[in-house]
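Peer 1: Mind having a look at this structure? Questions to follow.
The values are calculated or read from the model by the stated rules, or taken from the named source; none is laboratory data. Remember, it's a predicted structure, so these values are computed and weren't measured experimentally. Here Cβ is always computed from backbone atoms with ideal geometry, including for glycine, and neighbour counts include all displayed protein chains.
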Amino acid sequence: MTRFVVDASVAMKWFIPEVHSDSAIRLQQSDHELHVPTFFVVEIGNILWKKLQRGELTRTDAGTILQSLLSIPLQRHPDTDLILDAFSLAEQTSRTVYDCVYLALAIRIGGKFVTADERFWNALRQTSVGEHLCWIEDVPAADQSGPPSESPSA
């Protein structure tokens, strides 16, 4: 079983068709174990609120997405257990503490932090923490054991 840490930008692709949605949906296969920090749901709520404010979603759609999200089997991890490691990673990598909480969780559980953030990916993929990152297009299908697809270049 593969352990993946997913952030809110990847999870939103489960509900709203956008670039890389097909790859994000592959994360929900039964042989993938999904992990998130507890603030993940709040972050999703904030993204939905912004989309509602911009007229991109109705209140009903936002509520449906939140309800659906709560039914997805995600292993939640307390933010407080990750903050010191995340702060150190943020200092070391010059990335936000928010993003580094996900990265700290991936490191802690021996998994991969799946991201669709090209800037984050390109900045860290060839560093000492790069082994804990997974470009969204490289999420394997359930029966796929071949090499990953080509990731974006710098």
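Peer 1: Can you pull out the residues in region 127-147 that are of a type outside the set (Val, Ile, Thr) and either at pLDDT 90 or above or under 20 Å from residue 43 (Cβ atoms) (or both)?
Peer 2: Of everything in region 127-147, those that are of a type outside the set (Val, Ile, Thr) and either at pLDDT 90 or above or under 20 Å from residue 43 (Cβ atoms) (or both) turn out to be 128, 130, 131, 132, 133, 134, 135, 137, 138.
Peer 1: Inside region 68-77, can you point out the residues that are assigned to a strand (DSSP E or B) and either among the hydroxyl-bearing types (Ser, Thr, Tyr) or in contact with an Asp or Glu (Cβ under 9 Å, 6 or more places away or on another chain) (or both)?
Peer 2: Residue satisfying the conditions is 75 alone.
Peer 1: Let me ask something else about it. Please give the helices (runs of 4 or more DSSP H) falling wholly within region 78-126 in which 2 or more residues are of a type in the set (Ser, Thr, Tyr) and closer than 17 Å to residue 40 by Cα. Working first, answer last.
Peer 2: Working: elements: 83-93, 97-109, 118-124.
Hits in region 78-126: 97-109.
Peer 1: Only one of (1) farther than 18 Å from residue 132 by Cα; (2) more than 12 Å from the chain's Cα centre (by Cα) is not met by residue 33, so which one is it?
Peer 2: All conditions pass for residue 33, except number (1).
Peer 1: I've got another one for you. If I filter region 63-85 for residues that are closer than 22 Å to residue 125 by Cα and buried (at least 18 other Cβ atoms within 10 Å of the Cβ), do I get at least one hit?
Peer 2: yes
Peer 1: Another question, if that's okay. Out of all the residues in region 28-36, is one or more outside any helix (DSSP H, G or I) and of a type in the set (Val, Ile, Thr)?
Peer 2: yes
Peer 1: With the requirement that a residue be in contact with a Phe, Trp or Tyr (Cβ under 8 Å, 6 or more places away or on another chain) and over 17 Å from residue 100 (Cβ atoms), what does region 5-47 give you?
Peer 2: If the condition is that a residue be in contact with a Phe, Trp or Tyr (Cβ under 8 Å, 6 or more places away or on another chain) and over 17 Å from residue 100 (Cβ atoms), then 11, 21, 24, 25, 27, 28, 32, 33, 34 are the ones that fit.
Peer 1: Applying the selection to region 43-97, what residues are β-branched (Val, Ile, Thr) and more than 15 Å from residue 16 (Cα to Cα)? Spell out how you get there, then give the answer.
Peer 2: In the first step, residues of region 43-97 are kept if they are β-branched (Val, Ile, Thr); the result is 44, 47, 58, 60, 64-65, 72, 80, 83, 93, 96-97.
Once the filter is applied, which keeps residues that are β-branched (Val, Ile, Thr) and more than 15 Å from residue 16 (Cα to Cα), region 43-97 yields 72, 80, 83, 93, 96, 97.
Peer 1: Does any residue of region 42-49 turn out to be hydrophobic (A, V, I, L, M, F, W, C), in contact with a Leu (Cβ under 9 Å, 6 or more places away or on another chain), part of a helix (DSSP H, G or I) and farther than 22 Å from residue 117 by Cα?
Peer 2: Step one: of region 42-49, the residues hydrophobic (A, V, I, L, M, F, W, C) are 42, 44, 47-49.
In the following step, the residues that additionally are in contact with a Leu (Cβ under 9 Å, 6 or more places away or on another chain) were identified as 44, 48.
This time we only want the ones that are part of a helix (DSSP H, G or I), so: 44, 48.
Next cut, farther than 22 Å from residue 117 by Cα only: none.
Scanning region 42-49, I find no residue that is hydrophobic (A, V, I, L, M, F, W, C), in contact with a Leu (Cβ under 9 Å, 6 or more places away or on another chain), part of a helix (DSSP H, G or I) and farther than 22 Å from residue 117 by Cα, so the answer is no.
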